[in-house]
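Q: Could you have a look at this structure, given as structure tokens, before my questions?
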Amino acid sequence: MLFGRTQKNPIKIADKGVVEWKYAACGYCSTGCSIEVGLNEDGKPVASRGVADADVNRGKLCLKGIFEHELFDSDGRGTEPLIRDQWHQHWQSTDWKSALDRTHDEIKRLQEKYGRDSFAIISTGQMMTEEFYTLGKLTRGLIGTNNYDGNTTLCMASAVSGYRRSFGSDGPPGCYEDFEHTDCLFAWGSNLPEQHPIIYWRMKEAQEKRGFPLVVIDPRVTMLAQNANKHLAITPGTDVVLMNAMMHVIFDLGLEDRRYIERNTNGIAELELEVENYNPVMAAKITGIDEDTIRSVAKLYATAEASMSIWTMGINQSTHGTDGVVGINNLSLITGNIGKPGGTSHSITGQCNAMGTREWSSCSGLPNYRYLENAGDRKEIAEFWGIDEAFLPKKRGMYQTDIYHAIETGQVKGLWLIATNPMSSLPDTARVRKAMESLEFCVVQDCYQDTESAQYAHVFLPAGAWAEKEGVMTNTERRVNLVKAISAPPGQARPDLWIFNQMAKRFNTTGKVRFPDKAADIFLEMTELSKGRLADISGMDHELIEKHRGIQWPYTQEQVKNGESPPAGGTRLYTEEATFSHPDGKAKLIPLPFVDNNEVPDEKYPFWLNTGRLIEHWHGRSKTGKIGYNNKYSPVPFIEINPDTAKELGIHRGEYVRLVSKRSDAVVMAMPTQRIGSNAVFLPFHFHDCANRLTLGLLDHYSRQPAYKQSAVRIEPIADQKEAAKLSMQMRAF
Ligand code: SF4
């Protein structure tokens, strides 16, 4: 409708003078969009566009991708190595040799004095897979600390441990094409339109064609919930009770798939016994979802021809995140919804290469889902790398969240942070700050020099960002995609791979371990290690990956020999009977007794605090906070607060308020909205010295992932709004 006008204004696209487009995969979220960056005749990146023949995004990009070229010359980049004796001194410029020598010498000194594990290494989900693999080889094979972890622990660790418990291995089994086949979609704690906009577009397009019902389980009326057929506004932290009650109904009505259960699973008797305890009447009292709704959604799920579950942080970031994942897997398994088109249990991953680190970093074990606990795996990798098998530990060391506790108690004395910013991303900032201050030695390797965590470093190593480097990343549907080097890192900054290889030279004194210089060669080394495994990539190389705009694993050497081209999409795991990764090929059905150990609201702290992401920002805003078109949509830390709550507390739209938890306080702007219930507030976690000053972050037993989404706060009006505005400004200094 043109409302009185007879013709549309023609759309004009500004001519940026692009003379060449270069290919990459987007470096923000795990959707894995193929992107091209346009360079002008001076070689400067000036535009971004989606790649039309890429199956994932089919020419589209979201708000972050469309401005991604702007990050190359954003403020705060590290351009030279820096060094200082004490973290509170001013930085001194130095050269690469001095910075790397000092780092090597300090690691050696600490390990000789306090033991190998006194030095910890924590990385990210943002690097290329070849960089993760190389860091893993350096850490496990040469440095030899067992306290090595990545940001998976803050993001997808519960999905990893849930998949391992149920299926015997990590690896999301479904794919985006499942949206085109499903007859029923359950989204558990996942807000696709804001967190994974292009996956949302794929889902929405499929739903509009086929009209399958969408059920959203989320305490908030998220954008996805607004589009749902049924929104279950669950009491935070009680998803396992809902899952158990749904299974209770399914068994009660005989809607389970007995044939599938018998051929593919173990543990049905124990599971049935446990869910007996969760009838919908008692579950309604705990979850806040009425019993009839529980019955009807259980029937809907079990009677659909193909049912699909997706989830994100609403499940993972919980004290029982792993149980939540196992519960979703249980539901899929008892109804035979694994490995078939439209029937799956699929985690939607966080960072652009969170999957790459899960597969290849060796953080939780050894490359390609091998385990330190498995003698055969240790032997195989030691021989392949050319190291002494006895040098590898026999079980994994501490998770990231436990490493900080070990810094507090003096077990860990030194830390190498790589493209991660715990001062912003870990719960209970005050506790993390104290731990960082106590380190004898800290080296920060990052493309941004102005991160909060770099304040506590003794050495700063400036790294290349995203497409200043070359390598692959794996997305949420196990698609390996290529990032090509589009621009050179600024000043003396170098790709992370170069930094790892330079460090490896200092530890590789016998020269026995091979560290190839080029990402493409490292990838070929990885393909060798993947042969015959679940994540088999032996049919791929960089060139083929670019040609096909990303290839899903598995894609094997056998398929290449048989003349099979990589399919455009639609590759699934566990499509054959009894092919799960447990020794007998069967999946495990695991009973899930519910233990409520969260912090819950009380008289003094009467509101739930829920934290999460916004579409325009990425994690700690080190990138998007400096890109005008992203930052302008949400420049200020704010809370969603129910209008009734705001009225009751005398708070008006746009006023600053103080949130107070048992840990600390934070100043935020109040934005009344019906999206949030009257017993809760929602606070985006992107801002420095804000959300994580408040969060408690109790840990999941299996994954050690923090419960970022379940804390309790009170809300205090602020009389002096000018002072509050000044404070809010300071909180945006990073
Ligand atoms: Fe990048 Fe994710 Fe947006 Fe795609 S949806 S453009 S991968 S941030």
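The values are calculated or read from the model by the stated rules, or taken from the named source; none is laboratory data. These numbers come from a predicted model, not from an experiment. Glycine gets a Cβ as well: all are built from the backbone with ideal geometry, and neighbour counts include every protein chain shown.
Q: From the set of residues in segment 597-631 that are under 20 Å from Ile286 (Cα atoms) and touching a helix residue (DSSP H, G or I) at 6+ places or on another chain (Cβ under 8 Å), which is farthest from the ligand (Cβ to nearest atom)?
A: That would be Phe607.
Q: Something else: Any idea which residue in segment 202-219 is farthest from Val325 (Cα to Cα), counting only those that are within 16 Å of the ligand (Cβ to nearest atom) and crowded, with 22+ Cβ neighbours inside 10 Å? Don't jump to the end; show me each part of the working.
A: Narrowing segment 202-219 to residues within 16 Å of the ligand (Cβ to nearest atom): 202-205.
Checking the rest, the ones that are also crowded, with 22+ Cβ neighbours inside 10 Å come to 202-203.
Working: Arg202: 23, Met203: 21 Å.
Going through the qualifying residues, I end up with Arg202.
Q: Then there is this: Inside segment 519-562, can you point out the residues that are surrounded by fewer than 19 Cβ atoms within 10 Å (Cβ to Cβ), in contact (Cβ under 8 Å) with a residue 24 or more places away in the chain and aliphatic (A, V, I, L, M)?
A: Ala520, the sole residue that qualifies.
Q: Right, next: The conditions are (1) surrounded by fewer than 24 Cβ atoms within 10 Å (Cβ to Cβ); (2) under 29 Å from Glu383 (Cα atoms); (3) touching a strand residue (DSSP E or B) at 6+ places or on another chain (Cβ under 9 Å), and Gly125 fails exactly one of them. Which is it?
A: Against the list (1) surrounded by fewer than 24 Cβ atoms within 10 Å (Cβ to Cβ); (2) under 29 Å from Glu383 (Cα atoms); (3) touching a strand residue (DSSP E or B) at 6+ places or on another chain (Cβ under 9 Å), Gly125 comes up short only on (1).
Q: Check every one of the helices (runs of 4 or more DSSP H) wholly within segment 351-466 and list those with 2 or more residues that are closer than 20 Å to Tyr114 by Cβ. Break it down into steps so the answer makes sense when it comes.
A: On the way: elements: 354-360, 375-385, 400-408, 422-425, 429-437.
The helices (runs of 4 or more DSSP H) meeting that bar are 400-408, 429-437.
Q: Taking the conditions exactly as written (in contact with a helix residue (DSSP H, G or I) (Cβ under 8 Å, 6 or more places away or on another chain), crowded, with 24+ Cβ neighbours inside 10 Å and within 22 Å of Lys64 (Cα to Cα)), does Ile199 satisfy them or not?
A: Values: in contact with a helix residue (DSSP H, G or I) (Cβ under 8 Å, 6 or more places away or on another chain): yes; crowded, with 24+ Cβ neighbours inside 10 Å: yes; within 22 Å of Lys64 (Cα to Cα): yes.
Judged against the criteria, Ile199 is a match.
Q: Any residue at all in segment 324-340 that's under 24 Å from the mean Cα position of the chain (by Cα), surrounded by fewer than 24 Cβ atoms within 10 Å (Cβ to Cβ) and not in a helix (DSSP H, G or I)?
A: So far as segment 324-340 goes, yes, one or more of its residues are under 24 Å from the mean Cα position of the chain (by Cα), surrounded by fewer than 24 Cβ atoms within 10 Å (Cβ to Cβ) and not in a helix (DSSP H, G or I).
Q: Look through segment 488-514, keep the residues that are surrounded by 21 or more Cβ atoms within 10 Å (Cβ to Cβ) and assigned to a loop (DSSP other than H, G, I, E, B), and return whichever of them is nearest to the chain's Cα centre (by Cα).
A: Pro495
Q: Then there is this: Restricting segment 594-643 to residues that are among the aromatic types (Phe, Trp, Tyr) and surrounded by fewer than 19 Cβ atoms within 10 Å (Cβ to Cβ), which is nearest to Pro236 (Cα to Cα)? Can you show your working first?
A: Of the residues in segment 594-643, the ones among the aromatic types (Phe, Trp, Tyr) are 594, 605, 607-608, 618, 629, 633, 638.
Now drop any that are not surrounded by fewer than 19 Cβ atoms within 10 Å (Cβ to Cβ), which leaves 629, 633.
On the way: Tyr629: 33, Tyr633: 28 Å.
Looking at the filtered set, the residue picked out is Tyr633.
Q: What are the pairs, 6+ residues apart or on separate chains, where a residue within segment 45-70 that is closer than 18 Å to Gly17 by Cβ has its Cβ under 9 Å from a residue that is among the polar types (S, T, N, Q) and more than 11 Å from the ligand (Cβ to nearest atom)?
A: Close Cβ pairs satisfying both conditions: Pro45/Ser487; Val46/Asn40; Ala47/Asn40; His69/Ser487.
Q: Something else: Looking only at residues that are in a helix (DSSP H, G or I), in contact (Cβ under 8 Å) with a residue 12 or more places away in the chain and of a type outside the set (A, V, I, L, M, F, W, C) in segment 227-257, which one is farthest from Ser678 (Cα to Cα)?
A: The qualifying residue farthest from Ser678 (Cα to Cα) is His248.
Q: Now a separate question. Which pairs have Cβ atoms under 8 Å, sit 6 or more apart or on different chains, and link a residue in segment 3-18 that is within 19 Å of Asn40 (Cβ to Cβ) to one that is at pLDDT 70 or above and assigned to a loop (DSSP other than H, G, I, E, B)?
A: Gly17/Glu41
Q: Then there is this: Within segment 258-274, is even one residue assigned to a loop (DSSP other than H, G, I, E, B) and touching a Phe, Trp or Tyr at 6+ places or on another chain (Cβ under 7 Å)?
A: For segment 258-274, residues assigned to a loop (DSSP other than H, G, I, E, B) and touching a Phe, Trp or Tyr at 6+ places or on another chain (Cβ under 7 Å): absent.
Q: If you don't mind, there's one more thing I want to ask. Please enumerate the residues belonging to segment 89-99 that are assigned to a helix (DSSP H, G or I) and either surrounded by fewer than 20 Cβ atoms within 10 Å (Cβ to Cβ) or within 16 Å of the ligand (Cβ to nearest atom) (or both).
A: Restricting attention to segment 89-99, the residues satisfying the condition of being assigned to a helix (DSSP H, G or I) are 96-99.
If the condition is that a residue be assigned to a helix (DSSP H, G or I) and either surrounded by fewer than 20 Cβ atoms within 10 Å (Cβ to Cβ) or within 16 Å of the ligand (Cβ to nearest atom) (or both), then Trp96, Lys97, Ser98 are the ones that fit.
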